[in-house]
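Structure first, commentary second.
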Amino acid sequence: MPSLLSKLAEEIHALDPRRFEGRVTGLSGALVEVTGPVEALALGARVTIFGHTTARGEIVGFRGDRALIAPYDSIEAIRPGARVVLEGASPMARPSHTWLGRVIDCFGNPVDGEGPLPQGIKPTPVRAPPPSAHDRSRVGGRLDVGVRALNIFAALCRGQRMGVFAGSGVGKSVLMSMLARGANADVIVIGLVGERGREVKEFIEDTLGEEGRRRSVVVVATSDESAARRRLAPHMACAVAEHFRDEGLDVLLLIDSVTRFAMAQREIGLSVGEPPTTKGYTPSVFAELPKLLERAGPGREGELGSITALFTVLVDGDDHNEPIADAVRGILDGHIVMERAIAERGRYPAINVLKSISRLMPMCHTAEENKLVARAREALSLYGEMEELIRIGAYKAGADPQVDEAIRVRPAVERVLTQIRDEQSSIEEGFAMLAEALQ
């Protein structure tokens, strides 16, 4: 009872005794122009537009004395002069442990048809600023993610942030499901941004499975939803992850994909009137990316919780140097590269371990493990350099002992890197297999 009363007291205290209203004055592209009291027009404030239908939105810019509203809902029936209630507050969420196993939208509302979602006591800003760099603790120990290729060649520490770079159809979603089921984390938070509506249920029921879903919270904003929702969804996923981190838990945050978040921000930025830069991306896209990515990481100094995050990047035309991939790679603590050529020859997960880098890798492994990784990398690199000559028969056995060794161990190393979706492998098991392959 005291907790319920304190929750009600907080909600009453948060109520604004004033009510501000405005009017719709026009439509500019995908944005609604609204006029109203100046003190209520604040960037990021929420509004509700009343007409034949009700539509929610967010103030994303100004044109003279008019506010530009990015709608969350359909605005097809909105008319000039429609009444607008200016709420003047950024979105808030109240996550709790009862959210585990549930699927929610960008506002924290349930979309899985399993009834109401119990709310927590403490309100959390959906778009909270990242913790101060000086207040944060350092990254923790090694995190077992259950995927051999990552555990060995691109190991993660607790609180580290990595990018998964891949084209469409290379296996990002399957890799995410393997991480959700096999990672040694307390809670998994998954953000599906701009996902195909048909694939959401398949991902939750088949790819993620019952085992992965029990300790997961899934935030969904499908491709048919408005740009404002697609921009808000990854921030909601971060807010949920921060709640569990502040509870002292180790959280694995998986967001698919940062590229679609950037596309949503580009859509809004172009509507507001920002100048397009490389490939049409506006300056605000590159300003918003670090605000999102920096929210993941270790907790504050002296606190136990952490957020280990993997952000997928959908590389356009398999170009790993396109603007979003380049910007994200410079912010994160490493990158995992998935290649179509590897997937085409049937090796999954299709991770190119030679191009994948974890910036915390040396401190993740023991000296003996680092020696095994170096030997395996050298063998794979040598084979890659000589592959064409080997395939056409131009290389003769005995010409170079190191190349001979690389040819001998490559099939066994490839078997180590191959892992089916339902298979889980610990760090110790992976290194035991690698040591046997290099004998």
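Kindly evaluate Asp105 against the criterion of being under 18 Å from Arg215 (Cα atoms), acidic (Asp, Glu) and at pLDDT 90 or above. Before the answer, list the steps.
Values: under 18 Å from Arg215 (Cα atoms): yes; acidic (Asp, Glu): yes; at pLDDT 90 or above: yes.
Answer is yes for this residue.
Output the helices (runs of 4 or more DSSP H) that fall wholly within the stretch 143-212 and possess 1 or more residues being open to solvent by 10 Å² or more (accessible area, probe 1.4 Å) and in the same structural domain as Glu339 (by the TED database), or say none. Write out each step before concluding.
On the way: elements: 148-153, 172-182, 197-202.
Answer list for the stretch 143-212: 172-182, 197-202.
The rows are residues; the columns are (1) open to solvent by 30 Å² or more (accessible area, probe 1.4 Å); (2) in the same structural domain as Glu225 (by the TED database); (3) under 30 Å from Leu192 (Cα atoms).
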| position | (1), (2), (3) |
| --- | --- |
| Leu31 | no, no, yes |
| Gly51 | yes, no, no |
| Ala55 | no, no, yes |
| Arg66 | yes, no, no |
| Tyr72 | no, no, yes |
| Leu100 | yes, yes, yes |
| Pro110 | yes, yes, yes |
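Restricted to the stretch 401-436, and to residues that are touching a residue at least 12 places away in the same chain (Cβ under 8 Å), over 25 Å from Val145 (Cα atoms) and not β-branched (Val, Ile, Thr), which residue is surrounded by the most Cβ atoms within 10 Å (Cβ to Cβ)?
Once the filter is applied, the top-ranked residue is Ala406.
Quick one: in the stretch 73-102, which of the residues that are of a type in the set (D, E, K, R) and within 18 Å of Gly22 (Cβ to Cβ) is nearest to the chain's Cα centre (by Cα)?
Of the stretch 73-102, the ones of a type in the set (D, E, K, R) are 73, 76, 79, 83, 87, 94, 102.
Next, only the ones that are within 18 Å of Gly22 (Cβ to Cβ) stay: 73, 79, 83, 87.
On the way: Asp73: 23, Arg79: 37, Arg83: 36, Glu87: 29 Å.
Per the stated criteria, the residue is Asp73.
Only residues in the stretch 165-181 that are closer than 19 Å to Ile307 by Cβ count as the first member; pair them with residues that are part of a helix (DSSP H, G or I) and of a type outside the set (A, V, I, L, M), Cβ under 8 angstrom, at least 6 apart or cross-chain, and list the lot.
Met176/Thr207; Ala180/Gly212; Arg181/Gly209; Arg181/Glu211; Arg181/Gly212
Cβ-Cβ under 7 Å, sequence separation 6+ or interchain: first residue in the stretch 370-393 and farther than 25 Å from Ala432 by Cβ, partner of a type in the set (Asp, Glu). Which pairs?
Here the result reads none, with nothing in the stretch 370-393 linked to a residue that is of a type in the set (Asp, Glu).
Got at least one residue in the stretch 359-367 being among the polar types (S, T, N, Q), without any contact (Cβ under 8 Å) to a residue 40 or more places away in the chain and either more than 30 Å from Val313 (Cα to Cα) or assigned by the TED database to the domain that holds Ala155 (or both)?
At the first step, the residues of the stretch 359-367 found to be among the polar types (S, T, N, Q) are 366.
Retained after the next criterion (residues that are without any contact (Cβ under 8 Å) to a residue 40 or more places away in the chain): 366.
Add one more test, that the residue is either more than 30 Å from Val313 (Cα to Cα) or assigned by the TED database to the domain that holds Ala155 (or both), and what stays is 366.
Yes, there is a match, as at least one residue in the stretch 359-367 is among the polar types (S, T, N, Q), without any contact (Cβ under 8 Å) to a residue 40 or more places away in the chain and either more than 30 Å from Val313 (Cα to Cα) or assigned by the TED database to the domain that holds Ala155 (or both).
Could you list, in sequence order, the residues of the stretch 291-315 that are without any contact (Cβ under 8 Å) to a residue 60 or more places away in the chain and more than 22 Å from Asn184 (Cβ to Cβ)? Spell out the reasoning first.
Step one: list which residues in the stretch 291-315 are without any contact (Cβ under 8 Å) to a residue 60 or more places away in the chain, which gives 292, 304.
Result: Leu292, single match.
What pairs come out if I take residues in the stretch 256-284 that are in a helix (DSSP H, G or I) and open to solvent by 60 Å² or more (accessible area, probe 1.4 Å) and pair them with residues that are among the aromatic types (Phe, Trp, Tyr) and at pLDDT 90 or above whose C-beta lies under 7 Å away, six or more apart or interchain?
Hits for this filter: zero, empty list.
Take the conditions assigned to a loop (DSSP other than H, G, I, E, B), open to solvent by less than 70 Å² (accessible area, probe 1.4 Å), over 21 Å from Arg181 (Cα atoms) and aromatic (Phe, Trp, Tyr) and apply them to Tyr383. Does it pass?
No.
Checking the structure you have, find out if any residue of the stretch 328-336 is in the same structural domain as Leu192 (by the TED database), in a loop (DSSP other than H, G, I, E, B) and over 22 Å from the mean Cα position of the chain (by Cα).
Filtering the stretch 328-336 for residues in the same structural domain as Leu192 (by the TED database) gives 328-336.
Next, only the ones that are in a loop (DSSP other than H, G, I, E, B) stay: 332-333.
Next cut, over 22 Å from the mean Cα position of the chain (by Cα) only: none.
Checking the stretch 328-336: not a single residue is in the same structural domain as Leu192 (by the TED database), in a loop (DSSP other than H, G, I, E, B) and over 22 Å from the mean Cα position of the chain (by Cα).
The values are calculated or read from the model by the stated rules, or taken from the named source; none is laboratory data. Every value quoted in this text rests on a predicted model; they were computed, and no experiment measured them. Don't worry about glycine lacking a Cβ; one is built from the backbone with ideal geometry, like all the others, and counts go over all protein chains shown. SASA here: full protein model, heavy atoms, side chains in, ligands and nucleic acids out. Shrake-Rupley method; radii C 1.70, N 1.55, O 1.52, S 1.80 Å.
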